[in-house]
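Peer 1: My questions will all concern the structure given below.
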Amino acid sequence: MTVPIDPNLSPVAPVEPEQRTPARRPFWLGVGVGVVAAATVGGIAFGAVAGVRALSAPATFEITGTLTLNGKATTTGLPTGFSCAGTSGYDDLSPNAAVKVSDESGTLLAKGHMIGSVGGSGYCIFDFAVTDVPRGSKFYEVEIARRGGLSYTEVEAEEGLSLSIGD
């Protein structure tokens, strides 16, 4: 038996199962997660580098510098490495002069000495050094001979000092 085909009917497309599109997260949520992840990784890396530097930084440093005496100086009777020293009121500025470093409370941290000098009868430039100065003080007071101290931050003291006295 044959079924007649109605000419008024249009062909029917096969029925396909409904296609679902995957759920989409908002674009900015992904950007936010990425930024947070990058900041976290960056923070961990920064902390690690800072920790390694703190562990490798020495607990002490050296203060070096010069003291220029403008005034009376002698050039005789001096040990090797010294071509001048103070005289006539500046006698304490000599190869034997102590260099003391104290902290903000006046506690003596380290002592050093003059390491050489150059100059003539009207001036003298001393070199000095203080080793094993502990880090971490608010400031460092540097005193040469009996001339009173001057205060410096750790960064300033570590960079080297240039002092002068006299006319």
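Peer 1: When a/c reaches 1.5 or more, the comparison of a/b and b/c decides; with that in mind, is segment 90-132 rounded, prolate or oblate per its Cα gyration tensor?
Peer 2: On the way: a/c = 3.21, a/b = 2.26, b/c = 1.42.
Judged from the Cα gyration tensor, segment 90-132 comes out prolate (a/c at least 1.5, a/b above b/c).
Peer 1: Take the solvent-accessible surface of the protein heavy atoms, probe 1.4 Å, and return the percent of it on segment 54-157 that carbon and sulfur atoms account for.
Peer 2: Result for segment 54-157: 52 percent of the exposed heavy-atom area is carbon or sulfur.
Peer 1: Ignoring ligands, DNA and RNA, how do ILE44, ILE125 rank by accessible area with a 1.4 Å probe, largest first?
Peer 2: ILE44, ILE125
Peer 1: Packing-wise, with mean Cβ within 10 Å as the measure, how do 88-98, 104-114, 62-72 rank, highest first?
Peer 2: Per-residue Cβ counts within 10 Å, averaged per peptide and sorted highest first, yield 62-72, 88-98, 104-114.
Peer 1: Determine the sum of side-chain charges near THR131: Lys and Arg each +1, Asp and Glu each -1, restricted to other residues whose C-beta is under 11 angstrom from that of THR131.
Peer 2: Net of charged neighbours comes to -1.
Peer 1: While we're looking at this one, here's another question. Using modelled amide H (1.01 Å from N, peptide plane; none on Pro or chain starts), what sits under 5 Å from the amide H of ALA129, excluding residues fewer than 5 places away?
Peer 2: Answer set, sorted by chain and number: HIS113, ILE115.
Peer 1: Let me ask another. In segment 119-145, which residues have a backbone nitrogen under 16 Å from the label point lying 7 Å from ALA59's Cα in the Cα-to-Cβ direction?
Peer 2: From segment 119-145, the list is 132-137.
Peer 1: Another question about this same structure. Can you give the accessible area per residue of segment 83-167, in Å², using a 1.4 Å probe?
Peer 2: That works out to 51 Å² per residue.
The values are calculated or read from the model by the stated rules, or taken from the named source; none is laboratory data. Here the structure is a predicted model, which is why all the values come from computation and not from measurement. No Cβ is skipped: glycine too gets one built from the backbone with ideal geometry, and neighbour counts run over all protein chains shown. In case anyone asks, the SASA skips ligands and DNA or RNA and just uses the protein heavy atoms, side chains included. Shrake-Rupley method; radii C 1.70, N 1.55, O 1.52, S 1.80 Å.
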